[in-house]
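Trainee: One structure coming up, written as structure tokens, with questions to follow.
The values are calculated or read from the model by the stated rules, or taken from the named source; none is laboratory data. Quick caveat, the model's predicted, so the values are computed rather than measured. Counting neighbours? That spans all protein chains shown, and the Cβs are built from the backbone with ideal geometry, glycine included.
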Amino acid sequence: MKLIRLVPDNTKFRFMAYRRITFSGSLTLLVASIMLFFMLGLNQGIDFQGGTLFQLQNKAGPADLARIRQSLGTLGLGDVQVQNFGEPDQVLIRIERQPGGDAGQEEAEKKVRDVFGDTVVYERVEVVGPRVSGELARAGTISVVASLLAVLVYIWFRFEWQFAAGAVAALIHDVLLTIGMFSLVRLEFNLSSIAAILTIVGYSLNDTVVVYDRIRENLRKYKKMPIGQIIDDSVNQTLSRTTLTSVTTLIALIALYVFGGEIIRSFTFAMIFGVVVGTYSSIFIAAPILIFLNLRPGADADEPAEAAQTA
Amino acid sequence: MLYFARWKVVLISLVVLAGFLFTLPNFFSEDTLKSWPRWLPRNHLVLGLDLQGGAYLLYEVDRTKFVEQRLLTLKGDIRNALRRTRPRIDLTRAPQVLPDNTGVRVRLQNAADMEEAKKRVQPLLNPMSTGVLGGFGGQPIEEFDLVDINPTSFKLVFSEEGLAERIRGIVAQSIEVIRRRVDELGVTEPSIQRQGDDRILIEAPGVNPERLEEIIGKTAKLTFHLLCEQMTVTQARATAPPPGCVIVEPYTKNDDPELIQETPMLSGDDLDDAQPGFDQQTNEPLVTFRFKLGGATKFGQITQENVNRRFAIVLDNKVISAPVIREPILGGSGQISGNFTVESANDLSVLLRAGALPAELKRLHKSSVGPGLGADSVAAGRTASIIALLAVLVFMVGAYAIFGVFANVALLANVVLVFGALSALQATLTLPGIAGIVLTIGMAVDANVLIFERIREEARLGRSPLNAIDAGFARALTTILDANITTFIAAVILFSLGSGPIKGFAVTLAIGIFTTIFTAFTFSRLLIALWVRWRRPSALQI
């Protein structure tokens with residue numbers, strides 16, 4: 001039978017030749033992400049900002065969002081966001097953190113319940129007080145930084161320092177671009193978004209390690225080959241595997257996105273974005289950066305390729 | 001790498017079989033499971049709150065309020081010890097709570113009384129049983145320290161350890177009270193745990209979250225006071241309440257406030273039982289209670305001395321009702337009436353039976369999911385997982401032909417093992433956890449892909465099928481380990497970070513990594529080895 005071949009055998013793309021273009025492209029995206037983050041900020045959920053979240057099902061049918069917004073507006077609760085959540089009879093209400101500490105949040109919850117009474121089913125209610133939200137925000141940031149450090153140590157341990165630096169650079173690239181995406185798309189950024197980021201770190205690293213592994217193997221085999229060509233060959237050799245794994249992971253994630261329900265949709269979307277970015281960074285950031293870091297000094301990186309090896 | 005000693009084959013098969021057996025109970029109801037033979041596993045998966053419905057509540061002891069209360073009590077105790085005990089020690093003014101609420105200051109009239117005063121105050125320092133910080137054979141921790149200010153004045157301040165120890169004790173006691181209350185609600189397997197020094201975490205599956213909160217949040221301190229009948233409430237508000245009297249607001253909005261004696265005669269601790277009931281004449285819901293022996297005697301005494309006077313029943317510093325004592329109540333029982341619904345009468349009885357919380361609790365974090373949403377999430381998760389699995393299975397056969405089939409069998413074994421492990425370990429499955437399983441399905445393929453790509457390369461280089469397969473497995477091993485360990489690091493960090501749902505994700509991800517490595521290196525390998533031995537292919541189609 002004719003097998004599915006996403007990548008033909010013996011590809012010889014000259015990835016490294018394009019590295020200046022891809023680097024500048026990535027750099028632009030990175031700067032754009034950082035700027036978006038500082039200018040637009042993130043659409044923070046109540047996990048990090050504190051506040052109250054209601055997911056209600058309007059018993060009578062599709063919900064009248066305008067009327068809901070109006071009645072909630074009279075309660076004097078500050079910033080109140082009302083939107084549909086999946087079905088037309090599902091309403092998501094987010095109320096910003098109230099002054100008055102934890103007691104203030106209880107007050108706000110009671111007021112909202114008084115407004116709706118029995119006309120809705122309270123599918124989900126979440127209240128995060130100011131203290132817990134601060135703790136979660138701190139824990140979230142620390143965990144991302146900690147994971148990057150752990151990765152640095154682990155790769156340094158298994159490979160040489162240039163690999164570790166390259167891996168971390170690629171990961172920082174992935175994390176920053178993901179944050180930029182959250183900022184641009186105004187996707188809700190909460191605890192599960194941090195979970196998505198950490199998973200992206202794990203997955204992207206997965207990819208990067210496979211390429212590095214092959215680079216290390218080729219470095220040992222071809223001691224005279226210029227570094228640029230080694231990296232090119234290694235990437236080409238692992239290309240088939242990389243695309244296939246990305247495709248299967250994406251298939252699974254897309255199924256999850258479409259059928260998994262509204263609640264994890266933003267998490268799944270972030271993961272899909274992460275898989276794409278992670279694959280890109282393994283090939284176009286993690287690999288070529290080794291050239292810049294002088295992994296094999298001396299030989300010019302761009303010497304024309306020798307005749308294809310058949311070891 | 002293709003040679004498998006017989007015992008290894010048996011072991012691998014047993015592991016997969018065990019996984020299958022552990023997963024099996026999930027397809028049958030609880031009742032059916034009870035009739036199974038004892039040696040078969042019968043545990044269902046534990047569903048998280050976001051899949052079962054239920055409540056997640058995080059409370060913290062209100063330290064400020066506790067400190068205020070405690071110092072008021074200390075103030076009264078000091079005053080009694082010095083002024084009311086013979087011979088009386090005179091003070092220039094009443095003992096005073098320090099402005100920063102760190103302690104109480106005592107000012108003596110005569111410096112000569114200092115030694116005697118200190119002796120009397122000594123027991124109030126309240127040595128507590130040796131706490132964690134006491135060490136081996138250590139000194140008991142004292143709640144307060146005595147600090148000299150000048151020859152006629154000293155103060156009692158909270159010792160740091162003492163306060164910490166007290167709060168720890170309060171948390172332990174509150175957990176007990178909450179447990180009793182939650183048990184009355186009939187919640188199956190609630191989890192009530194201490195978190196940190198002063199927090200309590202309650203996770204109750206399958207319960208109405210609102211009801212749970214009403215039961216837990218109330219301090220439910222019940223006290224009985226005589227009324228101060230020297231002046232009316234309006235007069236007291238205009239001038240000042242008489243000494244020893246205090247105004248309390250009504251529990252129900254439109255009732256009257258009352259002026260009561262500050263010191264209660266009896267409290268909820270003196271109660272033996274409380275039950276909901278109905279008024280004989282009006283049929284209104286009320287709560288009947290019964291005192292323990294000591295309380296009953298005291299109640300009889302007080303009602304005998306105070307016929308025709310009113311007394312107030314106060315709940316959490318608000319007066320519920322203030323009936324007249326028509327005759328001495330010697331039987332030690334009575335009733336509380338006042339604007340109850342059937343449910344609120346029932347709730348109050350539950351609270352009184354379980355006991356009052358030793359201190360007020362602040363709610364820090366709440367996450368509640370209704371059962372409807374929980375069921376929806378389970379359905380969505382199930383659909384997504386099945387579709388993802390099917391899609392990947394089809395794709396693998398399309399990409400790798402017969403090897404794809406082997407990878408698929410290994411993938412199915414993988415999924416069975418993940419569910420089996422979750423059921424056996426009674427780890428909690430949450431909605432993000434289901435996402436973790438789907439992710440594992442996508443990534444598990446990676447291990448096999450790495451191996452097959454290697455095999456493909458080795459075959460292209462001219463190796464015989466057997467050698468190519470052998471080399472493929474050998475070379476891919478370190479890469480697979482490296483790649484999966486890195487994801488594992490992320491999972492471990494995630495586990496330490498998150499609350500319930502995220503923890504569930506980290507756990508399934510971690511379990512998925514182990515099962516993936518296992519199935520890729522044993523199950524896949526075994527299947528391929530058996531196939532090679534059976535078919536002896538001369539060329540590999542891969």
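Trainee: If we scan the stretch B:338-345, do we find a residue that is part of a helix (DSSP H, G or I) and of a type in the set (D, E, K, R)?
Mentor: Yes - at least one qualifying residue is present in the stretch B:338-345.
Trainee: Can you tell me which residue among B:V246, B:V171, B:V207 is hydrophobic (A, V, I, L, M, F, W, C) and modelled with pLDDT of 90 or more?
Mentor: B:V171 is the lone residue from the list that is hydrophobic (A, V, I, L, M, F, W, C) and modelled with pLDDT of 90 or more.
Trainee: Turning to a different aspect of this structure: For the stretch B:431-453, state whether one or more residues are surrounded by fewer than 20 Cβ atoms within 10 Å (Cβ to Cβ) and in the same structural domain as B:F20 (by TED's automatic domain parsing).
Mentor: Checking the stretch B:431-453: not a single residue is surrounded by fewer than 20 Cβ atoms within 10 Å (Cβ to Cβ) and in the same structural domain as B:F20 (by TED's automatic domain parsing).
Trainee: Please go through the stretch B:486-506 and give me each residue that is within 30 Å of B:V9 (Cβ to Cβ) and either assigned to a loop (DSSP other than H, G, I, E, B) or more than 7 Å from every other protein chain (Cβ to nearest Cβ) (or both), ordered by number.
Mentor: The one that is within 30 Å of B:V9 (Cβ to Cβ) and either assigned to a loop (DSSP other than H, G, I, E, B) or more than 7 Å from every other protein chain (Cβ to nearest Cβ) (or both): B:F488.
Trainee: Right, another one. Do we find that B:R168 is out of contact with any Cys (no Cβ under 9 Å at 6 or more places or on another chain) and either assigned to a helix (DSSP H, G or I) or touching a residue at least 60 places away in the same chain (Cβ under 8 Å) (or both) in this structure?
Mentor: Against the criterion (out of contact with any Cys (no Cβ under 9 Å at 6 or more places or on another chain) and either assigned to a helix (DSSP H, G or I) or touching a residue at least 60 places away in the same chain (Cβ under 8 Å) (or both)), B:R168 qualifies.
Trainee: State which residue is nearest to B:L271 (Cα to Cα) when the search covers only the stretch B:339-349 and only residues that are in contact (Cβ under 8 Å) with a residue 60 or more places away in the chain and surrounded by fewer than 20 Cβ atoms within 10 Å (Cβ to Cβ).
Mentor: B:N346
Trainee: Something else now. For the stretch B:373-423, what are the residues that are of a type in the set (A, V, I, L, M), facing chain A (nearest Cβ under 7 Å) and touching a residue at least 60 places away in the same chain (Cβ under 8 Å)?
Mentor: Hits for the stretch B:373-423 are B:L373, B:A401.
Trainee: Taking A:I231 and the conditions (1) crowded, with 24+ Cβ neighbours inside 10 Å; (2) closer than 23 Å to A:I172 by Cα; (3) at the interface with chain B (Cβ under 9 Å from one of its Cβ atoms), which numbered condition does it fall short on, given that it satisfies the others?
Mentor: Condition (3) is where A:I231 drops out.
Trainee: For the structure I just gave you, tell me whether A:F163 is more than 8 Å from chain B (Cβ to nearest Cβ), surrounded by fewer than 23 Cβ atoms within 10 Å (Cβ to Cβ) and under 26 Å from B:L477 (Cα atoms).
Mentor: Answer is no for this residue.
Trainee: Can you tell me which residue within the stretch B:474-485, out of those that are touching a residue at least 40 places away in the same chain (Cβ under 8 Å) and surrounded by fewer than 23 Cβ atoms within 10 Å (Cβ to Cβ), is farthest from the other protein chains (Cβ to nearest Cβ)?
Mentor: B:A474
Trainee: Taking the condition of being more than 8 Å from chain B (Cβ to nearest Cβ) and not aromatic (F, W, Y), how many residues in the stretch A:253-281 meet it?
Mentor: 13
Trainee: All but one of (1) buried (at least 24 other Cβ atoms within 10 Å of the Cβ); (2) within 27 Å of A:E262 (Cβ to Cβ); (3) touching a helix residue (DSSP H, G or I) at 6+ places or on another chain (Cβ under 6 Å); (4) not acidic (D, E) hold for B:A407, so report the exception by its number.
Mentor: (2)
Trainee: Still on this model: Can B:T32 be described as of a type outside the set (A, V, I, L, M), assigned to a helix (DSSP H, G or I) and modelled with pLDDT of 80 or more?
Mentor: No.
Trainee: Test A:T238 against the stated conditions and say whether it is facing chain B (nearest Cβ under 7 Å), surrounded by 23 or more Cβ atoms within 10 Å (Cβ to Cβ) and either out of contact with any helix residue (DSSP H, G or I) (no Cβ under 9 Å at 6 or more places or on another chain) or among the polar types (S, T, N, Q) (or both).
Mentor: no
Trainee: Continuing with the same structure: Among the listed residues B:P276, B:P285, which satisfies the condition of being closer than 24 Å to B:N346 by Cβ and buried (at least 19 other Cβ atoms within 10 Å of the Cβ)?
Mentor: One residue alone meets the criteria, B:P285.
Trainee: While we're looking at this one, here's another question. Let me confirm something: among B:E229, B:E213, which residue is outside the structural domain of B:I313 (by TED's automatic domain parsing) and of a type in the set (D, E)?
Mentor: B:E213
Trainee: Going through the stretch B:52-69 one residue at a time, which ones are outside any strand (DSSP E or B) and within 12 Å of chain A (Cβ to nearest Cβ)?
Mentor: Once the filter is applied, which keeps residues that are outside any strand (DSSP E or B) and within 12 Å of chain A (Cβ to nearest Cβ), the stretch B:52-69 yields B:G53, B:D62, B:T64, B:K65.
Trainee: Confirm whether A:A150 is closer than 25 Å to A:L40 by Cβ, within 14 Å of chain B (Cβ to nearest Cβ) and surrounded by fewer than 20 Cβ atoms within 10 Å (Cβ to Cβ).
Mentor: Here the answer is no, as A:A150 does not meet what is asked.
Trainee: Could you pull out the residue among B:A18, B:A5 that is of a type outside the set (F, W, Y) and loosely packed, with under 12 Cβ neighbours inside 10 Å?
Mentor: It is B:A5.
Trainee: Let me ask something else. May I ask you to verify whether B:L357 is under 30 Å from B:V46 (Cβ atoms) and buried (at least 22 other Cβ atoms within 10 Å of the Cβ)?
Mentor: For B:L357, the condition - under 30 Å from B:V46 (Cβ atoms) and buried (at least 22 other Cβ atoms within 10 Å of the Cβ) - is met.
Trainee: Can you say whether B:G398 is outside any helix (DSSP H, G or I), surrounded by fewer than 20 Cβ atoms within 10 Å (Cβ to Cβ), assigned by TED's automatic domain parsing to the domain that holds B:T23 and not basic (K, R), as far as the supplied structure shows?
Mentor: no
Trainee: Same structure, new question: Do the conditions hold for A:Y280, that is, is it closer than 19 Å to A:V7 by Cβ and among the aromatic types (F, W, Y)?
Mentor: Criteria met by A:Y280.
Trainee: Hey, another quick one. Any chance you could count how many residues in the stretch B:315-337 are in a strand (DSSP E or B) and either farther than 19 Å from B:I216 by Cα or not assigned by TED's automatic domain parsing to the domain that holds B:E284 (or both)?
Mentor: Number satisfying all stated conditions: 8.
Trainee: Is there a residue being touching a strand residue (DSSP E or B) at 6+ places or on another chain (Cβ under 6 Å), surrounded by fewer than 21 Cβ atoms within 10 Å (Cβ to Cβ) and either on the phi > 0 side of the Ramachandran plot or assigned to a helix (DSSP H, G or I) (or both) anywhere in the stretch B:415-428?
Mentor: Scanning the stretch B:415-428 turns up at least one residue that is touching a strand residue (DSSP E or B) at 6+ places or on another chain (Cβ under 6 Å), surrounded by fewer than 21 Cβ atoms within 10 Å (Cβ to Cβ) and either on the phi > 0 side of the Ramachandran plot or assigned to a helix (DSSP H, G or I) (or both).
Trainee: Take the residues in the stretch A:72-99 that are surrounded by 12 or more Cβ atoms within 10 Å (Cβ to Cβ) and of a type in the set (G, A, S), then tell me which one is farthest from A:T52 (Cα to Cα).
Mentor: Step by step, filter the stretch A:72-99, then rank; the result is A:G86.
Trainee: To continue, here is another question. Select from the stretch B:426-442 the residues that are free of Cβ contacts under 8 Å to residues at least 60 places away in the same chain and under 18 Å from B:T23 (Cβ atoms) and list them in ascending order.
Mentor: Correct list: B:V438, B:I441.
Trainee: Which residue out of A:I155, A:I172, A:I179 is within 26 Å of the chain's Cα centre (by Cα), surrounded by fewer than 18 Cβ atoms within 10 Å (Cβ to Cβ) and part of a helix (DSSP H, G or I)?
Mentor: Checking each option against the conditions leaves just A:I172.
Trainee: Yes or no: A:N190 under 30 Å from A:Q57 (Cβ atoms), of a type in the set (S, T, N, Q) and more than 7 Å from chain B (Cβ to nearest Cβ)?
Mentor: Yes.
Trainee: Would you point out which residue out of A:L75, A:L36, A:L40 is of a type outside the set (D, E), in contact with a helix residue (DSSP H, G or I) (Cβ under 6 Å, 6 or more places away or on another chain) and in the same structural domain as A:R94 (by TED's automatic domain parsing)?
Mentor: A:L75
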